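Worksheet: the structure to be examined is printed underneath.
Since every read-out is calculated from the coordinates, none of them should be taken as a lab result. Since the model is a prediction, treat every value here as computed from it, not as a measurement. Positions of Cβ are backbone-derived with ideal geometry, glycine not excepted, and every protein chain shown enters the neighbour counts.
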Amino acid sequence: MGAYIARRVLALIPLLIIVSFIVFSLSQLLPGDPARVIAGGQKATPEGIAKAREELHLNKPFIQQYGIWLGNAARGDLGTSFFDHETVAQSIAQRFPVTLSLALGALVLTILIGLPLGILAAVRQGSFVDRMVTASSSVALAMPDFWLGMILLLIFAVNLQVLPSRGYIPLTDSPAGWATHLYLPWIAMGVPGGAGLARQVRGAMIDALEQDYVRTAESKGLRRRLVVFKHALKNASLAPVTVLGIGFAYMLGGSVIIEQIFTLNGMGRYFYLALFNKDLPVIQGVVLLSALIFVVLNLAVDIFYAYLNPKVRLG
Amino acid sequence: MSMEFEPAVLADEITDAPVQLEIPMGEVGATPWRRVFRRFVHNWAAMTGLVIVVLLVLTALFAPVLAPTTQAPVFKPNLGPGSPGHLLGTNAIGRDLLTRLIYGAQSSMFVAFLVVTIATSVALVLGLSSGFFGGWLGGIIDRCMDALFTFPPLTLALAISALLGASLTNASLAIAIVFVPGLVRVIRSQVLAVREETFVEAARSVGVSDNRMLRKHVFPNVVSPVIVQAALAFGYAIGAEAGLSFLGLGVSPPTASWGVMLQEGYNQMLETQWPLIPPAVAILLAILAFNLVGDGLRDSLGRERISVDGP
């Protein structure tokens, strides 16, 4: 197991180098001169620009700039925002609890919707229930999360006025307030997510239920419930767990439009404002962090799976 | 798992024999595609999707003819649905909503076609090279695709689109990049599977060149999963365009887009709720239609779980 983990971690090094290089290269897409922006835009003096250029290492070769940036990033220094002049790492840390609350709730809801429906559809394959699950998941998958968010906002916040439409209350201030402000965004993200998961689980379970060990278990006279949940579900979990891990990682990177619609001050909104200001350090910081979250979660899923399945670990 | 795709055309088994009997002798070569076509035509959900898709494409193509008014404001703001001369009413600055909806289809279809064209062409080149030639080139391509896969799709598309400057072409480019890694993986795994087939070994043993091998033996077996992925990518691209335009990173102002219409509807949600409905319905219908076509194609091509690695 230790050897497997070591092998997987070592394999991440080239990946992280390419990822960080792509993130750093985003600077090349930026039109205009960042040094001029820092030095005050239109009213920048040549001396001011030269000074900013020096501070940003812009007069060094590209590769050297990348090296300096990567070295800083590895120490947790993602630079300073061009606009509010706060460090990017600190600003992200302040906003991360919002995004984490959003993503965790959405993940729980995705599982609560997708897992039972997927199992039910697979166990009763071809039945009315199965057809209903398949049809409704088709419709739910055609709803982008921001689309659903807006419809929910329209119904529950504007028309029925039973839930607040915007803002965030920290969990530590008021758990009830925290939840009521997040119900709608959770549903907006959880329903399409749950529909996707239901399809995954259904497909994987149908495959697993056709395997020999399931037939053996059934012919031994084991209860159906035990066969479905212990034998089939365990073996069917690889693809769905991988997909859930990917989805959760992406959500932790910040759900830009959802946070914008519900005025949640998380990483997504921070990123959105930075996009409009062309605030390069913030853009690079958020993109790099979201990629790192993906890499770490993916590694965790792989290790978890190797732990469950010796074939993965030794293969 | 989904990584192992069987070549669709080969996987088609003789159990379909009755269908074969109806095919005239001269068309034997076209048999597998004919069977796919037949299965697709008998799938009512997929056919419904196809009808909507065709209508959408026609709407986009003939927008100037179909639109009831010009795109300019008509100076009668906030009319409700069913107003005389303005079937779907007007928005806050007095633009006819039906006209905007029709021109919005143009933006949507433009982005979707551009995204799918760019993404599949790039992915075909990268996926075929990686799968067929392998080696250090394949290694580099695979690592780069893994790296692209680590970025949340919308985050990367937004960053690229914002830095390049908001325009429909830039938005398409940004969304296309998001699709490439998933498509490359699908193509690569398909190529790897085909490479193990006996007919490839046979072709190689009689000295068929790489070029001919790619064209005649590998490519045809890669086409069907790519078609399925492309159809599903259309739906996703429509949603992504709406999202980017909603955030102001898609079309530039006078151009109509369903995403911009949603944005306008969102901004005046507290005063009037009607303007949100037409673009919302259009987006849902369009994505659903492309997804139904994609699902139908996947089932007709004889495969069940191909989208596992999709974006």
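The angle between the Cα long axis of helix A:88-123 and the main principal axis of chain A comes to about 20°, on a 0 to 90 degree scale.
For segment A:92-314, the relative contact order is 27 percent, taking Cα pairs closer than 8 Å that sit 6 or more residues apart in sequence and dividing their mean separation by the residue count.
Could I get the Rg over Rh figure for segment A:189-315? Both from C-alpha atoms, Rh via Kirkwood, rounded to two places. Please list the in-between numbers first.
On the way: Rg = 19.9 Å, Rh = 17.3 Å.
Here the Rg-to-Rh quotient is 1.15.
Taking other C-beta atoms within 10 Å as the exposure proxy, B:ARG215, B:ARG34 rank B:ARG215, B:ARG34 from fewest upward. Given segment A:56-98 reduced to its alpha-carbon atoms as identical point scatterers, what log10 I(q)/I(0) does the Debye formula return at q = 0.30 Å⁻¹? So the normalised log intensities are -1.02.
Pairs of Cα atoms in segment A:17-170 fall into 5 Å distance bins, from 0 up to the last occupied one, in shares of 1, 7, 9, 12, 11, 10, 9, 10, 9, 8, 6, 3, 2, 1, 0, 0 percent. In this Cβ point-charge picture (+1 for Lys and Arg, -1 for Asp and Glu), the protein assembly as shown has a dipole of about 660 debye about its Cα centre.
Short-range pairs are left out: with C-alpha atoms under 8 Å and at least six residues apart, the relative contact order of segment A:2-74 is 24 percent. Summarising the label geometry, the points placed 7 Å from Cα in the beta-carbon direction at A:ARG36 and B:SER209 lie 5.1 nm from one another.
Evaluate E = 1/(1 + (r/R0)^6) for A:GLN161 and B:ARG143, where r is the Cβ-Cβ distance and R0 equals 51 Å; express this FRET efficiency to the nearest 0.05. It comes out at approximately 0.45. Pairs of lysines in chain A whose Cα atoms sit within less than 28 Å of one another amount to 11, provided the residues are eight or more positions apart or on different chains.
For segment A:113-209, the gyration tensor built on C-alpha atoms gives a prolate shape. Its axis ratio a/c (a ≥ b ≥ c) is at least 1.5, and a/b is the larger of a/b and b/c.
Roughly how tilted is helix A:267-277, in degrees to the nearest 10 and between 0 and 90, from the longest Cα axis of chain A? Tilt of helix A:267-277: around 40 degrees. Across segment B:35-47, computed HN-Hα scalar couplings (Karplus, 6.51 cos²θ - 1.76 cosθ + 1.60, θ = phi - 60°) run 5, 4, 4, 4, 4, 5, 5, 7, 8, 5, 5, 5, 5 Hz from first to last residue, x flagging Gly and Pro. Taking every Cα-Cα distance in segment A:2-74 and sorting them into 5 Å bins from zero, the calculated P(r) comes out as 3, 14, 18, 18, 14, 10, 7, 5, 4, 3, 2, 1 percent.
In this structure, B:GLN268 and A:VAL296 have a Cβ-Cβ separation that, at R0 = 51 Å, corresponds to a calculated FRET efficiency of about 0.75.
Along the axis of the charge dipole computed for the protein assembly as shown (Cβ charges of +1 for Lys and Arg, -1 for Asp and Glu, origin at the Cα centre), the listed residues A:PHE62, B:SER224, B:LEU50 are led at the positive end by B:SER224. The calculated FRET efficiency for A:THR216 paired with B:THR48, based on their beta-carbon distance and R0 = 45 Å, is about 0.60.
How much mean residue ellipticity at 222 nm does the protein assembly as shown get from its helices, if each DSSP H run of length 4 or more adds -39500 (n - 2.57) and you divide by all residues, to the nearest 500 deg cm²/dmol? Helices in the protein assembly as shown give a 222 nm mean residue ellipticity of -22000 deg cm²/dmol.
Treating only the Cβ of Lys, Arg, Asp and Glu as charged (+1, +1, -1, -1), what charge dipole size does segment B:124-279 show about its Cα centre? Round to the nearest 20 debye.
540 debye
Kirkwood radius, the protein assembly as shown, all distinct C-alpha pairs, inverse of mean reciprocal distance: 26.5 Å. Taking only alpha carbon atoms, segment A:92-314 gives an Rg to Rh ratio of 1.04, where Rh is the Kirkwood radius.
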